[in-house]
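The values are calculated or read from the model by the stated rules, or taken from the named source; none is laboratory data. Since the model is a prediction, treat every value here as computed from it, not as a measurement. As a convention, Cβ positions derive from the backbone with ideal geometry for all residues, glycine included, and neighbour counts pool all protein chains shown. Surface areas here come from the heavy atoms of the whole protein model, side chains and all, with no ligands, DNA or RNA. Shrake-Rupley method; radii C 1.70, N 1.55, O 1.52, S 1.80 Å.
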Amino acid sequence: MGDNLLIRCNHYFANFEALAHYIYSMILSDKRILEEIEKGTILIEPFRKDCLGTNSYDVHLGAHLATYTVRELDARAHNKIEEFRIPEEGYVLNPGTLYLGVTEEYTETHSHVPFLEGKSSAGRLGIFIHATAGKGDVGYCNTWTLEITVIQPIRVYTGMPIGQLIYFAVDGEIETYYKDKRGAKYNQRTVKPIESMMWKNKF
């Protein structure tokens, strides 16, 4: 019994290690990101070399925030937002409110799957930058709207590091890129947060 359990455990960990190796081998390294930028398959504006990590690129909080104009939201309704600029002295975010922010960086990703994750430094301040929408689509061309919530009151500033982009290789050919997708809801280029377009779905 003990030998069988040991064999099963060894088999499990061997498979897990192989899976982990496969997943992380699909993430672009810093050199690969630079190569793809040179080829034009990845665009980051503005691009700063010092924001390039080992396998990610740091993005920053843009000048605009927004909140919904009503407290009770309706998934079938077009819930409007009120947009405002972050003042020079910063702006205090409070728990219990969803803030829509935006990245300073405009990005295009034509051959890879972009993922936006929070920076650990922001996470350790209790800042969460997305509720569910960490994954982008191949062909996504825009700034990134951030779904910001906080654990406790915190003052934030335009230009502060807020997240990091990582890029995954795609297995197989793409039939329809996001920028060409009929009915894509977030294609219009903007430097401001975009509210939920759930109301455009039929349900």
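Of the solvent-accessible surface of the chain, computed with a 1.4 Å probe over protein heavy atoms with every protein chain present, carbon and sulfur atoms account for 53 percent.
Express in nm, to one decimal, how much length is gained between K31 and Y91 on full extension, taking 0.36 nm for each residue of separation and deducting their alpha carbon distance.
18.0 nm
The order of the peptides 171-182, 136-147 by mean Cβ neighbours within 10 Å, most packed first, is 136-147, 171-182. Per-residue ellipticity at 222 nm computed for the chain from its helices equals -6000 deg cm²/dmol, with DSSP H segments shorter than 4 residues left out and the rest contributing -39,500 (n - 2.57).
At a probe radius of 1.4 angstrom, the accessible area of region 65-110 per residue rounds to 57 square angstrom. Each of T54, Y91, T109 was placed along the dipole of the chain (beta-carbon charges, centred on the mean Cα), and the one lying farthest toward the positive end is Y91. Given their separation in residues at 0.36 nm each and the Cα-Cα distance between them, E108 and W199 gain 30.2 nm when the chain is fully extended. Taking the longest Cα principal axis of the chain as reference, the axis of helix 30-39 is set at about 60 degrees.
Of the labelled options [x] 34; [y] 45; [z] 49, which one gives percent of Cα pairs over 24 Å apart as computed for this structure? Answer by label: [z]. Between helix 2-25 and the chain there is an angle of about 50 degrees, using the helix long axis and the longest principal axis of the Cα atoms.
Per residue, region 114-189 exposes 58 Å² of solvent-accessible protein surface, assessed with a 1.4 angstrom probe and all protein chains in place. Near C51: Cβ cut-off under 15 Å, other residues only, Lys/Arg at +1 and Asp/Glu at -1. The net charge is -4. Simple spin-label estimate for T41 and L98 gives 3.5 nm between the two label positions (7 Å along the Cα-to-Cβ direction from each Cα). What you get for the chain, charging only the Cβ of Lys and Arg (+1) and of Asp and Glu (-1), is a dipole of about 500 debye around the Cα centre.
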